[in-house]
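Presented below is the structure to which this report refers.
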């Protein structure tokens, strides 16, 4: 699966791995990075590899909630209202530039992301299983963007930072995409495979010491800190264990080791911590704060 | 000219209407006040004290009795006399039906604050006299009360009155303070405790026997008893030998090449035994032995 993704996307190994872990853990991911770093391509490659249904929504300021979840339309032939399901009804949903739409549109995703169902009018419709939201954000252009509220950010299992490729990787990009774009590998796995992997991941053993390590890491984010207003929620605890399990499964293990937790912590924590104004005024990199917090907790 | 006459007539009519309105308003405004007066046949209206002579501060009762021919539940517009020099300690009113009308009594409990002969002027009752239909004011007799006591007693009475007032204020203040204290205590008790720093203990490790027990002994113990506790002891000793910091994982040790690759592989093998499922600990420990012996 990882190879299939790597066949399309040059480099970005960490990003692809994180996407795979989130897919197996059954969580949603948000990718943040400057334009042109293959965020959308990575999401499309994942959707193509997984198979199932794939929908893409380009978030724009004039988007409406009904453009996402669907709406009820009057059918003149039957004389009754019919429900037109929106693009959220897909196995993989790409919410491109999610912070370009106002909060009410972003909130339309909340119920679907957490409850795996959507309410349109009087009826509630379950979403397909598996259901994975991959969202992209561009941190550079703040004009015309709407920051996602914490309640929504908390619903993303991971936030993956996409960095610029190395010189070698950029040469490879030139070779691969200089001519006609290569076809994406498709149907490497099926939605049924994803469900099976998810069940296997849930069965991965977590020793009591590992569980306490997870809790200690989350608690460390809630300690008074000069650059933090608020720490991670208990949902982060669950997310960290789920991601560590997926990572262990991908590594061929049926149990979690401390490295699984440690490596999973930054993408699970970074969007759940409320950094205060001092990080801006003192130009402190939030990522260094996350790293410092994690490094302060004793490994079992 | 005719037009002027017409305007003059209109002004006159307007002025008359205003005057009539004012008159009606005045009549209506006066009507309720008159309507409040009871139409009574007042047969007797008197006032008496139960004691002719009282000491300073000593309570006594002043009784105002009214007998009317009508059946009434209460008597309105009864005005008490000026009670300067007395403290009013209580007031009770009641009316009861009696033969040929109603007997109404108002009893005022008083305590004198000034010594000497004190004359209490009569109480008054405003009512419409049923005999002639005119609004009348009935007045009781006055009452003379001898208040015994010296000027010192008077001062004492004043002082006791002051003391009583102060004591009452202090008591009210105490009750208010107690109520506020109870509210505050209740609020603090219900207020959630501020978040405390993480109280999660660091993952506990089994103690490493260091009294002459070397690494070889630990490995031997793991070979004899392939348990999770023994695996953790070996792992702990290996990490200590690599000067691993508390927060360093195996990946960190590999990254900084804290030991030979073979030693790090052995640590990985032991780590598997330390964190795998209970049912697989023994097997994982046995699988780690070749790495450790090497």
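Derivation of every value follows stated rules applied to the coordinates shown; laboratory data play no part. Worth saying up front: this structure is predicted, and the values here are computed from it rather than measured. Neighbour counts are summed over all protein chains in view; Cβ atoms, including those assigned to glycine, are modelled from backbone coordinates with ideal geometry.
Please give the average number of partner chain Cβ atoms lying within 10 Å of the Cβ of each residue in A:247-257, rounded to a whole number.
Mean partner shielding for this stretch: 2.
Please average, across the residues of B:279-285, the number of beta carbons from any other chain that are within 10 Å of each residue's own beta carbon, and give a whole number.
1
Per DSSP H run of at least 4 residues, take -39500 (n - 2.57); add these up for the protein assembly as shown, divide by its residues and hand me the 222 nm value, nearest 500 deg cm²/dmol.
Per the formula, -14500 deg cm²/dmol.
Where does each of B:180-188, B:101-109 land if you order them by average Cβ count within 10 Å, highest first? Intermediate results must be reported in sequence, preceding the final value.
Numbers: B:180-188: 9.7, B:101-109: 18.2.
Per-residue Cβ counts within 10 Å, averaged per peptide and sorted highest first, yield B:101-109, B:180-188.
Is chain A rounded, prolate or oblate when judged by the Cα gyration tensor, a ≥ b ≥ c being the square roots of its eigenvalues, rounded requiring a/c under 1.5 and prolate requiring a/b larger than b/c?
rounded
Taking 22 Å as R0, compute the FRET efficiency from the Cβ-Cβ separation of residue B:293 and residue B:254 and round it to 0.05.
That pair, residue B:293 with residue B:254, gives E of 0.55.
Tell me whether the range A:203-300 comes out rounded, prolate or oblate; compute the Cα gyration tensor, take square roots of the eigenvalues as a ≥ b ≥ c, and use a/c under 1.5 as the rounded threshold.
prolate
Please give the contour-minus-distance gain from residue A:7 to residue A:150: 0.36 nm per residue of separation, less the Cα-Cα distance, rounded to one decimal in nm.
Gain on extension, residue A:7 to residue A:150, equals 48.0 nm.
Taking Cα centroids, how far is the range B:55-93 from the range A:122-168 in Å?
84 Å
Cα centroids of the range A:98-121 and the range A:15-41: how far apart, whole angstrom?
Answer, in whole Å: 19.
Counting only other chains, what is the mean number of Cβ atoms within 10 angstrom of the Cβ of each residue in peptide B:266-275?
3
Rounded, prolate or oblate for the protein assembly as shown? Axes are the square roots of the Cα gyration tensor eigenvalues, ordered a ≥ b ≥ c, and the cut-off for rounded is a/c under 1.5.
Prolate.
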